[in-house]
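Inspection log for the structure reproduced underneath, given as structure tokens.
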Amino acid sequence: MMSRRKAFLLKIILSLFLLNSISLYIYFSFNSDHFRFKSQTENHSFQSENQKKPYTQQYPIPVISFHGKPWPILPSYLPWSLNPNVRTKSCEGYFGNGFNRRIDLLRSQGIHRGSLNYGGGWFRCFYSETLESSICEGGRVRMNPERIRMSMGGENLESVIGRAEEEELPSFDPGAFEIEVDEKIDQSGNGRKLVNEEFLDQFVPQGAIDKHTMRNLLDSIRLVPSDEFKCSQWVDEPTLLVTRFEYANLFHTVTDWYSAYVASRVTGVPNRPHLVFVDGHCKAQLEETWETLFSSLRYAKNFSGSVCFRHAILSPLGYETALFKGLTEVINCQGTQAQNLWQNPDDQKTARLSEFGEMIRASFGFPVDRNRVQKLVSEHNILFVRREDYLAHPRHGGRVESRLSNEQEVFDSLKNWIDNHLKCKANLVNGLFAHMSMKEQIHAIQDTSVIIGAHGAGLTHIIAATPKTVILEIISSFFRRPHFALISQWRGLEYHAINLDGSYANPEVVIEKLSSIMRSLGC
């Protein structure tokens, strides 16, 4: 039996290696005209061209070139290749690559001289009928920060107390973003818009969002001839352009993380892309995970002068992910193991959120393969996720609205019961997340058997919980929302709820429910 298991695991590993190799080959073959690392020869060529220009332009163009972080090996990974047969409203349509309608807005017009590519701007979008959203990408894209009206972004929170949200959200003047075209090939005139209103309405619909920042960014893109396409600096490697709204709230930030992850996988970048925030929000605690998930992080307004991207990817808004849409529409999907889907495909089941949870844990350096080994747990950690006061953003007073009026009483009662009545060895963890680093929070999540908490954004961490984790949510009648029941369902986690009349929880009821859960775990 063990030899068959080892053979199956070896088959999975070899398949993943082969798929990764094929993906790399396809990416570099398909994008050879669109994306090139700047070599010493290319730098010399730029200098030679500059020598013909006025003195003020004779210096080499600065190049921002980082080595991207490699993708970690994830046990739940399944291929993200484009599949036109993905059914609308299927689980893969919601959580995976349902972006299967490709629209080429601008094909590469490059003139190739040796290893160089001149005038070769390109742009395309991938549309998901399920999510009514698009992932777009382009090459030789110039960002002009002076044409983006918003605050600088990246400041310390204490220095911007009271700043209005309108100042932090971007407004794009025409030409905030531009793409290079060769006039000899494209004679439609300088300053032509890349997209029209009809395209935006069809493929980037406004929806219920008052200010759709990614739609507005697309609307700002203009086409400019090669002789006017000057760059203060180049970014050579694939870069995600992300705009955020509720950037200090964990649930909404997880939707942004997931959207950025999906955009990276759908566009097939060989390493984790770099990241540019096209918004003016200040720094927040959650930025630690952004920096961990991706290769680097900068704010758009922190660039001095125009910056050109060899390969830019526009990440959809977090509001357009299934994680958010599931709050208002029925997404009938059940989480399962990837190996089950590998052997028996089922479009009503998904392993995508498990894959993403592994991505988070692996990015912080935590192991993600140990869950495949069945072993006895000698000690159970029971994590109680607390709600505590902290300063979240410039318009926040520092006080968190209570969802459980007697939270401390419940915590103390649970601790007393665990210490004096529970038969197996267990430890109640005080989850004061507001005063823990993101790495410490993920560590606490992955090392727990049961997660308990009142309804609140901190419970969104269950997206990174290990497969056998049990969730117990205490729900006030004032905040009866399906966020965490749904994430548990889509992850395939065991979920229980205690629905309150008001916001007071009888400690004996909570203890009785936890006792039942612990018995199911062998205690």
>> Number of Lys pairs in region 334-521 with C-alpha atoms less than 19 angstrom apart, excluding same-chain neighbours closer than eight positions?
In response: 10
> To the nearest 0.05, how large is the calculated FRET efficiency for D369 and K468 if R₀ is 22 Å and r is the Cβ-Cβ distance?
Replying inline: 0.90
>> Given region 91-326, report the % of alpha carbon pairs whose separation exceeds 32 Å.
In response: 16 percent
> Considering only region 91-326, what is the antiparallel percent among its DSSP beta bridges, to the nearest 5?
Replying inline: 65 percent
>> Could you work out the relative contact order of region 91-326? I mean the mean sequence separation of Cα pairs under 8 Å and 6+ apart, divided by the number of residues, in percent.
In response: 27 percent
> Around N97, what is the net charge, scoring Lys/Arg as +1 and Asp/Glu as -1 over all other residues with Cβ under 10 Å from its Cβ?
Replying inline: +1
> Ranked highest first by average number of other Cβ atoms within 10 Å, how do 149-158, 246-255 line up?
Replying inline: 246-255, 149-158
>> Using protein chains only and a probe of 1.4 angstrom, how many square angstrom of T321 are accessible, to the nearest 10?
In response: 10 Å²
> Given H placed 1.01 Å from N in the peptide plane, which residues other than close sequence neighbours of V470 have an amide H under 5 Å from its amide H?
Replying inline: V450, I451
>> If R₀ is 45 angstrom, what is the calculated FRET efficiency for the pair D447 and V509, using the beta carbon separation as r and rounding to 0.05?
In response: 0.95
> Any idea what the relative contact order of region 334-521 is, in percent, if you count C-alpha pairs under 8 Å spaced at least 6 apart?
Replying inline: 26 percent
> Ratio of region 410-502's C-alpha Rg to 2.2 N^0.38 Å, to two decimals?
Replying inline: 1.09
> How large is the charge dipole for region 91-326, taken about the Cα centre, if only the Cβ atoms of Lys, Arg (+1) and Asp, Glu (-1) carry charge, to the nearest 20 debye?
Replying inline: 660 debye
>> Cross-link candidates for K301: which aspartates and glutamates have Cα within less than 15 Å, leaving aside residues fewer than 8 places away along the same chain?
In response: E146, E155, E167, E168, D173, D279
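The values are calculated or read from the model by the stated rules, or taken from the named source; none is laboratory data. None of the values given here were measured: they were computed from a predicted structure. Cβ sites come from the backbone with ideal geometry, for glycine too, and all protein chains shown count toward neighbours. For the accessible areas, the whole protein counts, side chains as well, though only heavy atoms, and no ligand, DNA or RNA atoms are used. Shrake-Rupley method; radii C 1.70, N 1.55, O 1.52, S 1.80 Å.
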